[in-house]
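Contents: one structure, followed by commentary.
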Amino acid sequence: MQQAQTRFIINTHDKALYEFTDEVADWLAGTGIETGLLTLFCRHTSASLLINENAAPAVQRDMLRWLDKVVPEGLHYEHDSEGPDDMPAHIRAMLTGTSLSVPVADGRMALGTWQGLYLAEHRRMPHRREVVAHLVGE
Amino acid sequence: MQQAQTRFIINTHDKALYEFTDEVADWLAGTGIETGLLTLFCRHTSASLLINENAAPAVQRDMLRWLDKVVPEGLHYEHDSEGPDDMPAHIRAMLTGTSLSVPVADGRMALGTWQGLYLAEHRRMPHRREVVAHLVGE
Amino acid sequence: MQQAQTRFIINTHDKALYEFTDEVADWLAGTGIETGLLTLFCRHTSASLLINENAAPAVQRDMLRWLDKVVPEGLHYEHDSEGPDDMPAHIRAMLTGTSLSVPVADGRMALGTWQGLYLAEHRRMPHRREVVAHLVGE
């Protein structure tokens, strides 16, 4: 049994979903691990990780619209010192999650046909986001 | 340290929570692993996995009613080509999650008294859902 | 490769976020594991685990206010026999999650600068909550 770790940097600009499935798949292939467990962890509280449909871009826009409606931006939060998009970003990150666990089989992530890995950026300003990847297996 | 993997198939019909705790427990017992980490992963973006109260069926109905209210079906989404229940299914899957991690102790999942494992189906039509299970331990 | 497991007890009183980052860090340091994967699992369906900003206490209050608004307490749920805060507690636990996965590097959790580990209590009455920790690594 072995382990591998790395960090992915995702540079964001505005609220959006940023797919990084291919970057993870390339790194995974390089480790030589055939069977195992991959964990991805977002080191931020105003961005998050999620698995989503990667075929229709409209799906991603509808997701962001729903988050905008149910967790609205504004200065009606007690914590408003970092701008109208900061507190909703924390709530949206809580709802969508900080880590992802993906089994590895035959040297590949066991994703379904339409599943992609996304970093969800919930802030408007550009950010440099860091995702830690951990792999255990053989 | 060893690993084991399997896939569970859950045939769904209509939106509901489908418990599969016993199937997972049976498989786990057969692996002979006493201490470890179990991961369950849903290979779909319109179904999800969650841990929920398994004593009162009304709890499950209230959960589904809440999701119906807060993420309503309809054709007001940009992505509406797959029917009024498709885009809300993606949003509900995002909110409830794609993977579950459960520690294993004394050869059993470390679940609390009232916790059960559920696949949440968010589409109305019947689907064949696949859940990958990964276990590492000894 | 080794494993370690323990349980953390968190005594709660009223709905709030209870940080337990330091307790986990202390236990982790004692295991001697330098590189690995830490998993935390909440054995309850009316409390949950989340990673959140640990600098501004107002962030936590805004989170709880948002949950109170979007998943309101009341007796309008079918499952109302355990009081007006029970069914919303189950829904809030579903939204925020039962388990957390955190990579370990250089003997420490790979948390970002502002990230803390929290148990979210969603019931009003005092509870004794149990969180199982599992660590695999070397």
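Can you pull out the residues in segment A:30-49 that are closer than 18 Å to A:Leu135 by Cα, in contact with a strand residue (DSSP E or B) (Cβ under 8 Å, 6 or more places away or on another chain) and not aromatic (Phe, Trp, Tyr)?
Keep residues of segment A:30-49 that are closer than 18 Å to A:Leu135 by Cα, which gives A:30-43, A:49.
So of that shortlist, the ones also in contact with a strand residue (DSSP E or B) (Cβ under 8 Å, 6 or more places away or on another chain) come out as A:31, A:33-43, A:49.
Those that are closer than 18 Å to A:Leu135 by Cα, in contact with a strand residue (DSSP E or B) (Cβ under 8 Å, 6 or more places away or on another chain) and not aromatic (Phe, Trp, Tyr): A:Thr31, A:Ile33, A:Glu34, A:Thr35, A:Gly36, A:Leu37, A:Leu38, A:Thr39, A:Leu40, A:Cys42, A:Arg43, A:Leu49.
When segment C:126-138 is limited to residues that are closer than 20 Å to C:Ser46 by Cα and in contact with an Asp or Glu (Cβ under 9 Å, 6 or more places away or on another chain), the one that is surrounded by the fewest Cβ atoms within 10 Å (Cβ to Cβ) turns out to be C:Pro126. Just to verify a result, which residue in segment C:62-94, among those that are open to solvent by 20 Å² or more (accessible area, probe 1.4 Å) and among the basic types (Lys, Arg), is nearest to the other protein chains (Cβ to nearest Cβ)? Going through the qualifying residues, I end up with C:Arg65. For segment C:62-72, the count of residues that are touching a helix residue (DSSP H, G or I) at 6+ places or on another chain (Cβ under 6 Å), within 30 Å of B:Ala105 (Cα to Cα) and not small (Gly, Ala, Ser) is zero.
Within segment B:25-36, one or more residues are modelled with pLDDT of 95 or more, buried (at least 20 other Cβ atoms within 10 Å of the Cβ) and within 14 Å of chain A (Cβ to nearest Cβ).
Identify the residue in segment A:50-61 that is open to solvent by 20 Å² or more (accessible area, probe 1.4 Å) and small (Gly, Ala, Ser) and, among all such residues, is nearest to the other protein chains (Cβ to nearest Cβ).
Initial filter on segment A:50-61 (open to solvent by 20 Å² or more (accessible area, probe 1.4 Å)): A:54-57, A:60-61.
With the extra rule that they be small (Gly, Ala, Ser), the set shrinks to A:55-56.
Values: A:Ala55: 9, A:Ala56: 6 Å.
Per the criteria, the residue is A:Ala56.
All conditions in (1) of a type in the set (A, V, I, L, M); (2) at the interface with another protein chain (Cβ under 9 Å from one of its Cβ atoms); (3) within 14 Å of the chain's Cα centre (by Cα); (4) under 17 Å from B:Leu95 (Cβ atoms) hold for A:Leu40, with the sole exception of (4). Does C:Arg123 satisfy the criteria of being touching a residue at least 12 places away in the same chain (Cβ under 8 Å), open to solvent by 20 Å² or more (accessible area, probe 1.4 Å) and in a loop (DSSP other than H, G, I, E, B)? So C:Arg123 passes the test. Scan segment C:70-85 for residues that are at pLDDT below 95 and in a helix (DSSP H, G or I) and the total you get is 0. As a summary of the residue check, A:Asn11 satisfies the conditions (1) within 21 Å of C:Ala105 (Cα to Cα); (2) in contact with a strand residue (DSSP E or B) (Cβ under 6 Å, 6 or more places away or on another chain) except for the one numbered (1). Is it the case that B:Thr113 is buried (at least 21 other Cβ atoms within 10 Å of the Cβ), within 29 Å of A:Leu37 (Cα to Cα) and of a type outside the set (Phe, Trp, Tyr)? Against the criterion (buried (at least 21 other Cβ atoms within 10 Å of the Cβ), within 29 Å of A:Leu37 (Cα to Cα) and of a type outside the set (Phe, Trp, Tyr)), B:Thr113 does not qualify.
Pairs under 6 Å by beta carbon, first residue more than 16 Å from A:Leu40 (Cα to Cα) in segment C:88-117, partner of a type in the set (Lys, Arg) and outside any strand (DSSP E or B), six or more apart or different chains? Here the result reads C:Ala89/C:Arg123, each pair linking segment C:88-117 to a residue that is of a type in the set (Lys, Arg) and outside any strand (DSSP E or B).
Within segment C:95-108, the set of residues being part of a strand (DSSP E or B) and facing chain B (nearest Cβ under 9 Å) comprises C:Ser99, C:Leu100, C:Ser101.
The values are calculated or read from the model by the stated rules, or taken from the named source; none is laboratory data. On a predicted model such as this, the values are computed, not experimentally measured, just so you know. Neighbour counts are summed over all protein chains in view; Cβ atoms, including those assigned to glycine, are modelled from backbone coordinates with ideal geometry. Ligands, DNA and RNA are excluded from the accessible area calculation, which covers all protein heavy atoms including side chains. Shrake-Rupley method; radii C 1.70, N 1.55, O 1.52, S 1.80 Å.
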